[in-house]
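The values are calculated or read from the model by the stated rules, or taken from the named source; none is laboratory data. Quick caveat: nothing in here was measured; it's all calculated off a predicted structure. In this analysis, Cβ positions are derived from the backbone assuming ideal geometry, glycine residues included, and neighbour counts consider all displayed protein chains. These accessible areas exclude ligands, DNA and RNA; they are computed on the full protein's heavy atoms, side chains included. Shrake-Rupley method; radii C 1.70, N 1.55, O 1.52, S 1.80 Å.
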Amino acid sequence: MKYYIETINKLIDKVKNIELISETSNKVFKVTTESNEILYVKFYENNSYHIDLELKLYNLIDNKYLKELYCEPLNSSVAVFRKLVGKTIDELNNEELIKYSDKIIDSLCDYLDTLSLTKVNGYGALDNNLNGKYDNFINFLKERQGSTSKQLKNYRDLTVISDIIFDEYEDIIFSDNSLTPIDNNMKNIMLTNDGNIKFIDPGEMISAPILMGYGDFVAHSYKTILYDKLIKKLKLTKNDEKLLRIYAIFSSLNILAFLSKLGVDNLDSVIPYGNTYTFYNLIFDHLENLNIGREKVKEYSIKKNNS
């Protein structure tokens, strides 16, 4: 802990209080100065599958969508951010959501589309030099979803969904090596008090088609006004509509696998931030729209378990 405290005191003058508030993938400290300003210091330790690439974004896109830096980072492993004041999207009441829905979706599309202009090498999870770990996009998807299915082994129907999708729709999945954020849930998007949209935890990115970024958002926003606004704005082809649902399903399964790994029980009752339906409800509704009904999933599950 000594290293963190010494580093914080080098970066910030007149520190009054330091509080550790998160230490999952990275360590985050809430710092109060003698003038009572609240700052957040993030040490990028990357104790997870994905490297947090948040600081890279400040050189790639308009910073209007990112948290305000208090000072220039010492290096790529630590940064100080000013406190954001506002509400995350899941905290908005219905009236506020209706009022700001167009702004939220316009900002999301601008943010994702701008990032997608940055092309990187390879596919999948990225290293610090923005090189993907895979040479083939389909191989990345299959390995990723295969790991998810293994983690969800106690939920038999969930374990076969990715396999069914690959059997039915692999031929429409296309490769693209765009820089794509994949943690676009409604707890990670904020409407500030001055009416701006901020993406507050944007560091989890992969090399993939930008539709995967949209699919991640749809995993949380499906059956809400934000989904309706997004679909109206995107004007997708029939195949892209299918891909959006596929990527939303993959994202939902990956989230449930992550929660399972954390020891969360009763995954069939987990509800995405800002939604009223469970991930289960949303996954199977997407499947119905892909002409993959529950009976087909059950038949596939029985066949797999008997083989």
**Request:** Would you check if there is a residue in region 134-154 being farther than 30 Å from K298 by Cα and either among the charged types (D, E, K, R) or not in a strand (DSSP E or B) (or both)?
**Result:** yes
**Message:** Suppose we filter I138, I197 for residues that are modelled with pLDDT of 95 or more and under 17 Å from the mean Cα position of the chain (by Cα); which single one remains?
**Reply:** I197
**Request:** Test I12 against the criterion of being crowded, with 16+ Cβ neighbours inside 10 Å, within 30 Å of K133 (Cα to Cα) and either of a type in the set (A, V, I, L, M, F, W, C) or out of contact with any helix residue (DSSP H, G or I) (no Cβ under 6 Å at 6 or more places or on another chain) (or both), and give yes or no.
**Result:** no
**Test for G86: is it within 13 Å of A208 (Cα to Cα) and either within 19 Å of the chain's Cα centre (by Cα) or of a type in the set (G, A, S) (or both)** = no
**Fill in**
Reported set for region 193-229 where residues are polar (S, T, N, Q), open to solvent by less than 10 Å² (accessible area, probe 1.4 Å) and closer than 24 Å to Y58 by Cα is S207
**Request:** Output the residues belonging to region 262-276 that are in a loop (DSSP other than H, G, I, E, B), more than 15 Å from the chain's Cα centre (by Cα), at pLDDT 95 or above and surrounded by 12 or more Cβ atoms within 10 Å (Cβ to Cβ).
**Result:** V270, I271, N275
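Each row is one residue, and each column tells you yes or no for (1) modelled with pLDDT of 90 or more; (2) of a type outside the set (K, R); (3) open to solvent by 30 Å² or more (accessible area, probe 1.4 Å).
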{"site": "E23", "(1), (2), (3)": "no, yes, yes"}
{"site": "N26", "(1), (2), (3)": "no, yes, no"}
{"site": "K30", "(1), (2), (3)": "yes, no, yes"}
{"site": "S35", "(1), (2), (3)": "yes, yes, yes"}
{"site": "N47", "(1), (2), (3)": "no, yes, yes"}
{"site": "I51", "(1), (2), (3)": "no, yes, yes"}
{"site": "N59", "(1), (2), (3)": "no, yes, yes"}
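Restricting the search to region 39-68, which residues are in a helix (DSSP H, G or I) and within 16 Å of the chain's Cα centre (by Cα)?
Initially, region 39-68 is screened for residues in a helix (DSSP H, G or I), giving 54-59, 63-65.
Across region 39-68, the qualifying residues are E54, L57, Y65.
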**Request:** May I ask you to list the residues in region 235-261 that are aliphatic (A, V, I, L, M) and within 21 Å of Y169 (Cα to Cα)?
**Result:** L236, L243, L244, I246, A248, I249, L253
**Message:** So L282 passes all but one of these: (1) of a type in the set (A, V, I, L, M, F, W, C); (2) assigned to a helix (DSSP H, G or I); (3) under 26 Å from K56 (Cα atoms). Which condition number does it fail?
**Reply:** (3)
**Complete:** Pairing a residue in region 209-237 that is under 18 Å from N185 (Cβ atoms) with any residue that is assigned to a loop (DSSP other than H, G, I, E, B) and of a type in the set (D, E), where Cβ atoms lie under 8 Å and the two sit 6 or more apart in sequence or on different chains, gives I210/D176; D216/D183
**S162 surrounded by 22 or more Cβ atoms within 10 Å (Cβ to Cβ), in a strand (DSSP E or B) and of a type in the set (G, A, S)** = no
**Request:** Residue by residue through region 243-257, note down the ones that are hydroxyl-bearing (S, T, Y) and open to solvent by 10 Å² or more (accessible area, probe 1.4 Å).
**Result:** S251
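Is it true that some residue in region 110-126 is of a type in the set (S, T, Y), part of a helix (DSSP H, G or I) and open to solvent by less than 30 Å² (accessible area, probe 1.4 Å)? Walk me through it before giving the result.
Step one: list which residues in region 110-126 are of a type in the set (S, T, Y), which gives 111, 114, 116, 118, 123.
If we keep only those that are part of a helix (DSSP H, G or I) too, we end up with 111, 114, 116.
Filter again for open to solvent by less than 30 Å² (accessible area, probe 1.4 Å), leaving 111, 116.
Yes, the conditions are met somewhere in region 110-126.
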**helices (runs of 4 or more DSSP H) enclosed by region 207-261 - at least 3 residues per element that are closer than 18 Å to D102 by Cα** = 210-221, 225-234
**Message:** With the requirement that a residue be open to solvent by 10 Å² or more (accessible area, probe 1.4 Å), of a type outside the set (A, V, I, L, M) and over 13 Å from the mean Cα position of the chain (by Cα), what does region 171-189 give you?
**Reply:** D171, F174, S175, D176, N177
**Asked** What is the one condition in (1) closer than 15 Å to I89 by Cα; (2) open to solvent by 10 Å² or more (accessible area, probe 1.4 Å) that K232 does not satisfy?
**Response** (1)
**Asked** Condition test on K67, is it in contact with a Leu (Cβ under 8 Å, 6 or more places away or on another chain), within 27 Å of T118 (Cβ to Cβ), buried (at least 18 other Cβ atoms within 10 Å of the Cβ) and not aromatic (F, W, Y)?
**Response** yes
